Each structure stands twice: as C-alpha cells, then as structure tokens.
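The values are calculated or read from the model by the stated rules, or taken from the named source; none is laboratory data. Note that the structure is a prediction, hence the values are computed from the model and not measured. When we count neighbours, we look across all protein chains shown, and the Cβ atoms used for this are built from the backbone with ideal geometry, even at glycine.
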Amino acid sequence: MQFTTLVGNEALKNQLSQQQKRRGLSHGYLISGPQGSGKHTLATILVQAMLCKDQSEHTPCGVCSVCRKVLAGIHPDVTVVSGGDKAASVEQIRQVRADAYIRPNEGLRKIYLIEKADQLNQFAQNAMLKLLEEGPPYATFLLLAESAGGLLQTVRSRCEELMLTPVSRQQGIEWLCQKKAGISMEQASDALEQSYGWLGKAMQILELQKQETEWTVYEQWHGQARQLAELLCFGDELALFEETMKLEKQPKEALPQILGLTLQEIGQRLPGMEQKKRGLHAAKLVQQMQQALEQNVNPGQVAGWLCAGMFYTK
Ligand SMILES: [Zn+2]
C-alpha cells in the first residue's frame, strides 16, 4: 500500500501493507488519535485503497477516477456519518443499517465513516455493534475516535485498531517546511513542540500565527492611514511631508492598501470638517495616487506627489 499523504506512523503502515497483500483489507477499523493526528488522512487512504482501480500493492494510485471521487468526498459508496459537533444519534446508526443493505453503486464495498465514535451513546454503540456483527459482507466501517477507550469493549473487539502516533522531529520539520511556504525551521520546530508532534495540530498553530502576523501588519497600515488622513485634512506641510516619507519605506504591495484605508479615513473626517474643500481635494489626490500606482510608479514618487499636490497645486 502507498501512504503518500500520511507522515511517519511506520508500524501502522507496515501492518496495513502486509494485510492488504496477504488477505485484503478488513471490514472494520477503529482509527484513534487526538485532534490533528491524521485520522481523516488515514481514513481517506484506506477508503481509496479499498475502492481504487489499482488493487496491486501500490494501491491507492491517487489519480484514478475512483481515488479522485473519494478525495473530493463525492463517491456514492462512501458515507460520512456525523452529528455535526457531536457524535451521530442512535437513529442515524439505525439508518446506516437500512442503507447498508442496499448494494454498492459502483464498487465492491460500501464504506461508512463514523465520526467521533467514542462519543456515541450506549444505544448508538449497541446499534453499531449489531452492524459490525450482522452487516452485509460488503459493508465496511471506519470508526474514528480520539480515544479508543471511549468505546464499548464489544465494539472494539470487532474492529482492527489503528492507533496513530506522533511524527519524529525530523520528519515533522521537513513536512511543515514543505507545506507552509516561507516558514523557518525554528517556527516549524516550535509548532511541532507545541503540538507534541501531531502534524495537523502543528499546521493549525502555524496558520493561527500567520493570521496574527497579518493582522498586526494590517493594524500598522491602518495606523499609518489614520495619521496620513489626519494630516491631509488638518496638518501643516512639514508634518505631512514627514508622514509621506514613511510611505516610501513601505513595500510596494502595501501602498494600495494604505491609500485605500486613507481614503476611508478622509471620508470619515469630511462631515466634521470646516474646510470641506480641503478634505475633498485630499480625497481626490489620494484617488489620483491610487490610479498612478496602477501605472507602476514607485512609492517615492507617490509620497512626493501627495505632499506637493496638497500644498502647491491649486
Ligand atoms: Zn486509484
């Protein structure tokens, strides 16, 4: 079997590869691991391997129409059973039972992915047990759980347990640096440490950090726009000149954002201005600068024009 999207977990990969080669994949698996450990990644690989057109030891191919349907979540023989934020209800599990007796549409198996299986109540778990014991031979169940201990022993004993393990530092850093463009080895290493080696969790941490950085940058631009608008509307020439000099130091992609925000800020000041003419003139200037930027002028020119336009042209 191939596990291109699952990092680490060598023992588990070996176990499944051997099984696939010798007697084919099983009809009931319990995949456990905390949030961000790769439960869905592994489940997708398993489902693909069960249905892929290539049933050699290189399955799943990942590129055939079946593999692509599974990845996109649109394969008619694959059903996700979930209760949203919580586990499915006993009624939902009973519906699965009814559905399981309708033969597969395309493949040789009908696969049910049971989310948060460790949170199924006792009735639902008992219904699940019946399904595992008496379901039709083509029906296959993948139970996902944060902790296998949350399931009845009887249910557990009917499934093969696949417990995910954290990735090694080396593997994790390599993978994160490949997936997240622009991050440093230190950032990857920190995120891995904070997530105890669970890659999905580490990705989330990095994503949050990125959003925070973007927000800080935006706040800084907004502060600059506020100051610029204030000086355009009320300031003297020297103060405006000094402020516009700061624009030159900004990267080119920041200027359209700052000017857009400046325009908004001028708009907010206009109603309260005594010299409305000045406010309108400032707004017009900023709009001209926005157009100029689209023509590829450099930040230095824009800054100079803003200042000169405000005080020297009438
Ligand atoms: Zn395939």
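Things worth noting here:
- From the options Lys179, Lys130, Lys210, residue that is under 18 Å from Ile45 (Cβ atoms) and surrounded by fewer than 17 Cβ atoms within 10 Å (Cβ to Cβ): Lys179
- Comparison of Gln19, Gln55 shows that the only residue that is within 20 Å of Pro137 (Cβ to Cβ), within 13 Å of the ligand (Cβ to nearest atom) and surrounded by fewer than 18 Cβ atoms within 10 Å (Cβ to Cβ) is Gln55.
- Selection status of Glu106, within 16 Å of the ligand (Cβ to nearest atom) and of a type in the set (Asp, Glu): yes
- Gln122, sole failed condition from (1) among the polar types (S, T, N, Q); (2) surrounded by 15 or more Cβ atoms within 10 Å (Cβ to Cβ); (3) away from the ligand (no atom under 16 Å from the Cβ): (2)
- Taken as a whole, the condition of being closer than 30 Å to Ser26 by Cβ and either in a helix (DSSP H, G or I) or polar (S, T, N, Q) (or both) applies to Lys201.
- Scanning the stretch 106-120 for residues that are in contact with a helix residue (DSSP H, G or I) (Cβ under 7 Å, 6 or more places away or on another chain) and not hydrophobic (A, V, I, L, M, F, W, C) yields a count of 6.
- Against the test of being in the same structural domain as Leu151 (by TED's automatic domain parsing), away from the ligand (no atom under 16 Å from the Cβ) and small (Gly, Ala, Ser), the options Ala72, Ala87, Ala49, Ala43 yield a single qualifying residue, Ala87.
- Ala98 vs. criteria of a type in the set (A, V, I, L, M), free of Cβ contacts under 8 Å to residues at least 12 places away in the same chain and away from the ligand (no atom under 13 Å from the Cβ): yes
- The number of residues in the stretch 136-154 that are touching a residue at least 60 places away in the same chain (Cβ under 8 Å) and either in contact with a helix residue (DSSP H, G or I) (Cβ under 9 Å, 6 or more places away or on another chain) or of a type in the set (A, V, I, L, M, F, W, C) (or both) comes to 11.
- Of all residues in the stretch 1-19, those that are over 22 Å from Val66 (Cβ atoms) and assigned to a helix (DSSP H, G or I) total 6.
- Residue, modelled with the lowest pLDDT, within the stretch 142-197, restricted to residues that are assigned to a helix (DSSP H, G or I) and charged (D, E, K, R): Lys179
- Spans of helices (runs of 4 or more DSSP H) in the stretch 231-314 with at least 3 residues surrounded by 13 or more Cβ atoms within 10 Å (Cβ to Cβ) and under 36 Å from the mean Cα position of the chain (by Cα): 237-248, 254-269
- Asp77 vs. criteria in contact (Cβ under 8 Å) with a residue 24 or more places away in the chain, within 16 Å of the ligand (Cβ to nearest atom) and over 20 Å from the mean Cα position of the chain (by Cα): yes
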